[in-house]
Each structure stands twice: as C-alpha cells, then as structure tokens.
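The structure appears below as structure tokens.
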Amino acid sequence: MEREPAGAGNGRGGGRFPVLHVVTRLVVGGPTRPLLAWLDGLSREGFAPVLVSGRPAPGEVPWPPPTGGAPAWIVSSLCREPSPLRDLRAFLSLARAIRRLVPAIVHTHTAKAGVLGRAAARLARPVPRVVHTFHGHSLSREAGGRLAPLWTRIERGLARVTNRLLAVSPRVADDLERRLGLTTPPAVVPLPVPVPPGGTAAGDPVRRHGRRVAVFLGRGVPVKGLDLLARAHALAEARRRRGEPGLAVRVVGPVEERVRAELDHLLAEAKISGLWSFAGPVRDPLPELCRADLLVLPSRSEGTPVSILEALGAGLPVLASAVGGVPDLLAASWETEGPGRWRTVPAPARGWLLPSGDEEAWSRALAAAAADPGAIPGNPAVRRAFVATTFDPGARAAELAALYRRLLGAGLPGGRRRVPRRGGERPAGAGAARPAQAREQ
C-alpha cells in the first residue's frame, strides 16, 4: 500500500506551471548537485518543479531530498538494480504521481528513471510533454557491457515518444545522434555548476609522504578505470629514481566492493598500498580538491563528468581519458546560438587528455605531473572562468526554462495556453501541485 504525498493537488491552484522531474536516485556524486541547481533555478523562472526520486543502491550514500522550493516524492521501489517486481511498482507509482500532479512537462534523468518515467507519462491523460536528459549513457560496450545493445534498442524506441532529448555537451549529443539514428539531434544544455568563491583550490596541498597528491573524485565502479590508474601508478613508481618527485593517490567517493578488492590486490602486488588512501563519499568535494595538486579521471566511458567541472571550477589541473564529453571540457570553447544550440571549437587545452586504457601514456603523464603539476596546460584563472561562464547556474536554468516554453508552445495539458515568462508571470489556471515529502508505504 502506498500513500500519496500530503497536499498533492491536481496541478491547478498555484499559478505556476508544474514540471515533474524524475531521477533514479539522489546520491552523493553524479548528476545530483546539478539537478538540484536546475530545480532551484526553475523555481525562479516561473515553473513549479516537483522531484520524484528512488532509493540508492547498496553502498551509495543518499542525498537528502530538497527542503526548499522543490517538493519531493520518494518512490522506494524505484532503484538502479533490475527487478521486475520493483520496476512494476515504480512504474505504477510514477503513473499515479503524473495523474495526480497533472504536470505540464515530465522531465526524466538517468537510465532507469528515463525508461519508467517516459513510459508512465504516455499513459497520462492529458499527455504531458516529455523531456529526457542524457547525463551519460549505457549505449557503449564500455559503459553498458553486454546489455548495451538492449539499452540501445530501448532508447531508440523511447526516442519516438520523447518530445525533447537533451545532452549535456555537444560531443555527447553527436554520439547519441549517431548511436540512436536520430533525425533531430538532441538539444544541448550545459550542466549548472557553481564556481566556489575566493581563490583556487590548488596552492598549498597537504602532502602524503612528501609527494604530490592526485585526487580521483567519483564512484569507484569498473568503467571509471581505477585499475588502470593503479597499474600506471605502479609503473611510474617502478621507474622513479631515488630523489625524484613522486605521487600519492586519494580516492574520494564510494568504491564498489569488487573494485576495491582488485585495487587492494594490484596495490599490494606493486608495494604501493601506502601511497593510496580512500576517503569514501563526501557531500562537498571542495575541501578534498583543496588538498590536492591535480584531479585524475582514467574512465573508459563518460558523459560530461561533474568531477572535472568541479575541479576546473576550483582551478585544479586535470588528467583525464579522452572519452565522451571530456574533450569538450579540456580542449574546447563553447559557443551558443540560442537555447539548446551549442557547438564547440578547438581551444587551448585546460588539462591533459590521455588515451583511454593506455597504461604507458598514463604512467608517463603521472610521472610528469608529479615532477611539475604546472606543466599541465591551462592556469587556474582560465579554468575557473570557463566554468563560471559556460556552466553558470542562473544562466543554465534560464536556458532550460526557455526550452520548456518553446516546447509548451501554443497549448498545454488541460487547455492551458499561456506560457510563463521570466519573473514568474502567472497564467490563468496553471497551478502547481506542492506535495510534502512522502515515502511509499
């Protein structure tokens, strides 16, 4: 038996357009912080966002539901792991939420929420507009493993019933267009990422064993390439001569048990276990970035990594695999021609792009970074300015709101016709459900 959120109306009483955002789970890391920044900005743009999220996977650290402008509906059956029974329950819960809230738009994020949320929206009457954001994807073998062909078929089918697909970088949009055979490329909306105030993160990091510190920030799952980093680090240490500078590695984020077991074996075999430390998940990564000399991200597949944006926003040098949208962050300028229309052009590098899976290249880069992090291209001010300009939270929320208004156009569910303007214009009869936080029973 499940309980509706207290105060959930039918979407017709608050004077603002309700937009239902669905995400598989709110956890420390991943798209959580940018998503919440979007919701906060949309509230100021004349929309009434409501968030539906599921439960974290084992080992993940939950992020508390928002307590400010976006009410939250917690669907405990919505989870990342495949489970036919729980998935059916989550689908029914989402369908009920959409029917109850009557949103103008259903906007889904992440793979599982994207499948269930878009399918549930198609059953609603009237049918809301449907938007899906690819923060990354599981369409490649590196990211999706043996299920990648299945995810590709599912996404091709869902693309036909999605009013607008969004990507978070031009390179990811191009990749999706190719893999899914889209006739209309996804719109591009950069992630909202605030730049921390004050100076840069790098400057006087805490040394471990007299070495420079490389921080890995993210979920320790196989696709992130921590095993490659361990082997490359071992190779660099084996070649290091007495008196030459060395590197220590700090892993910040949850690490899957099987990944940690493999790392422990690799590090012990290379006799460098003492040079690695594991901080676990942290809600605010800035203090960890301030204690590091550089960020490393040896992923085999990526979308647009938030960890790189946070590091650049703090002025930190970056070494990363040239996969997914990473080259857009480290070697390109972003130019816009209007909401959702971004392109990139080559620009002076803001970090080192390295071949994915190339231990030799990574070993040489780690040794060079240990000798002099300043040799990594870019400078703190340029890195911060790039993030502050392209990923400004207020501007990115306004851009998403503009895409919503364009999508809603001349007509809305339930006969509503006027589209909100910046500053919260109140169209007649276009209220928003404002549910209190609730959990399935």
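What follows draws every value from the coordinates through simple rules; no lab data is involved. This one's a predicted model, so the numbers in the text were calculated from it and none came from an experiment. Here Cβ is always computed from backbone atoms with ideal geometry, including for glycine, and neighbour counts include all displayed protein chains.
Quick look at the numbers
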| item | result |
| --- | --- |
| For TRP73, distant residues with modelled amide H under 5 Å away | LEU51, VAL52, SER53 |
| Karplus (6.51, -1.76, 1.60) ³J(HN,Hα), θ = phi - 60°, over region 331-345, in Hz, Gly and Pro reported as x | 8, 8, 9, 9, 10, 10, 10, x, x, x, 10, 10, 9, 10, 10 |
| Footprinting exposure proxy for THR133, THR389, THR183 (fewest neighbouring C-beta atoms within 10 Å first) | THR183, THR389, THR133 |
| Other-chain or far-sequence residues with amide H under 5 Å of VAL28's (modelled H) | VAL61, TRP63 |
| Residue order, fewest to most surrounding Cβ atoms within 10 angstrom, among THR152, THR162, THR108 | THR152, THR162, THR108 |
| Inter-label distance for ALA270 and ASP227, nm, one decimal - labels placed 7 Å from Cα along Cα-to-Cβ | 1.4 |
| Residue order, fewest to most beta carbons within 10 Å, for SER277, SER138, SER321 | SER277, SER138, SER321 |
| Estimated inter-spin distance, VAL127 and ARG211, nm [label 7 Å along Cα→Cβ] | 5.7 |
| Cβ-Cβ FRET estimate between VAL161 and GLU244, R0 fixed at 56 Å, reported to 0.05 | 0.45 |
